[in-house]
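The values are calculated or read from the model by the stated rules, or taken from the named source; none is laboratory data. Note that this is a predicted model, so its numbers are computed, not measured. Positions of Cβ are backbone-derived with ideal geometry, glycine not excepted, and every protein chain shown enters the neighbour counts. These accessible areas exclude ligands, DNA and RNA; they are computed on the full protein's heavy atoms, side chains included. Shrake-Rupley method; radii C 1.70, N 1.55, O 1.52, S 1.80 Å.
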Amino acid sequence: MNEYAEYDWRLHQMQNERLCEAARKKLTDGDRQRALVALKDTVDSSLNLALRDKSRCQDDNFLRRFLYARKHDVQQSFELLVRYHQYRREHPELWATADGGVLRALSDGLPGVLAQRDRRGRCVLLMFASNWIPHACPLISVFRSLLLTIERTLEEVQNQANGYVIIVDWTEFTFKQSCNLQAKVLKMMIDCLQDCMPVRFKSIHFIGQPWYVETALAVIKPYLKTKTRERIVLHGNNLSTLHDALPLDILPAELGGEGPSYNSELWLQEFCKGEKINPAPVTSGSTVVAPIENDPPSAKLDKAYKQKDNPNFSFNGSEKSAKSELLRDKD
């Protein structure tokens, strides 16, 4: 008899959970408006120092992005809003006006924004990692360009509601480039995008990723939330699995899609127009950066990796030391 009672209770609990989930998905315009009013009241009555300046919180469109990011849970939306303002106070330089490094990153497709959404109405961001030239465009500039791009695209309610898909193309990304992925900047990116930004990343696709990128991913995975880890998909060189997730007609030719090659200048011009700044005449690959001398570790590691496919070359202990070099800055 106890078994039946326990079974009935669990069934009842499962039914309630399904009803709650359905209720969350079927919010009416009235529900959203009540949540917005409640969030505004919470902000107005808050004495949190992170919200000393509440001027921007008078913008309904600005507040809605936090509600959508937390499925209109008012308390969780308010907590996210506080973390967002606190992070901006701690790192004001990240939100400064776009400089030459940011414009260079955007012109190199770091990131890019597809003109068309996927079938679920999600905004698709691209990252062409092999275009990155660390000495001309430091990693912090790439982070800023991604952050400012998200801020700009979040002005559209559809992006707030449907979220984003990110595709990172690691094809031809060299080991020498990977040595410039500073762990401290990567940790800063994770802390900001995962815990402080009102953004919903629905899926993150890696294609053409080499072993050293997978090693770096293994290092940062402990800092990722379970949901974030589950949404990272490693495709390798198998583009067919990417095409199963995203329609061919919206993808550029570089990703095996039916569209033309991606033109980074289009988003660069739109971004600069929205930010009301004059785009510098940045041309991808126009700046020739001389290699830094007296840098034997990265040069030697890059050379070792390029020689790895040579049948007469023995990597031996170099691979282990190479991985150690990659992880040397993890603290």
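Listed here are the helices (runs of 4 or more DSSP H) enclosed by the range 215-331 that have at least 3 residues being modelled with pLDDT under 90 and either surrounded by 15 or more Cβ atoms within 10 Å (Cβ to Cβ) or not basic (K, R) (or both): 296-306, 318-326. Every residue in the range 217-270 that is over 18 Å from the mean Cα position of the chain (by Cα) and β-branched (V, I, T), please. Passing the criteria: T241, I250. When the residues of the range 59-87 are filtered to those that are part of a helix (DSSP H, G or I) and charged (D, E, K, R), the one that is nearest to R152 (Cα to Cα) is R65. Among the residues making up the range 38-55, those that are open to solvent by 30 Å² or more (accessible area, probe 1.4 Å) and within 30 Å of the chain's Cα centre (by Cα) are A38, K40, T42, N48, L49, R52, D53, K54, S55. Of the residues making up the range 56-72, just one is open to solvent by 80 Å² or more (accessible area, probe 1.4 Å) and polar (S, T, N, Q), namely Q58. Only residues that are under 19 Å from F206 (Cα atoms) and crowded, with 21+ Cβ neighbours inside 10 Å were counted across the range 133-144, and they come to 1.
Selection of the range 87-120 for residues being aliphatic (A, V, I, L, M) and under 22 Å from R200 (Cα atoms) yields L94, L106, L110, V113, L114, A115. Of the residues in the range 121-132, none is farther than 22 Å from L217 by Cβ and open to solvent by 50 Å² or more (accessible area, probe 1.4 Å). Of all the listed residues (E155, E230, E214), the sole one being closer than 18 Å to Y68 by Cβ, of a type outside the set (V, I, T) and out of contact with any Gly (no Cβ under 6 Å at 6 or more places or on another chain) is E155.
Only one of the listed residues (Q86, Q75, Q177) is open to solvent by 10 Å² or more (accessible area, probe 1.4 Å), polar (S, T, N, Q), farther than 24 Å from K273 by Cα and touching a residue at least 60 places away in the same chain (Cβ under 8 Å). That residue is Q86.
All of K187, K202 fail the test of being modelled with pLDDT under 95 and open to solvent by 40 Å² or more (accessible area, probe 1.4 Å), apart from K187. Just a yes or no: is a residue in the range 210-231 in contact with a strand residue (DSSP E or B) (Cβ under 6 Å, 6 or more places away or on another chain) and polar (S, T, N, Q)? There is no residue in the range 210-231 that is in contact with a strand residue (DSSP E or B) (Cβ under 6 Å, 6 or more places away or on another chain) and polar (S, T, N, Q). Could you check the range 97-123 and list, in sequence order, the residues that are within 25 Å of Y212 (Cα to Cα), among the hydrophobic types (A, V, I, L, M, F, W, C) and in contact with a strand residue (DSSP E or B) (Cβ under 7 Å, 6 or more places away or on another chain)? L110, the sole residue that qualifies.
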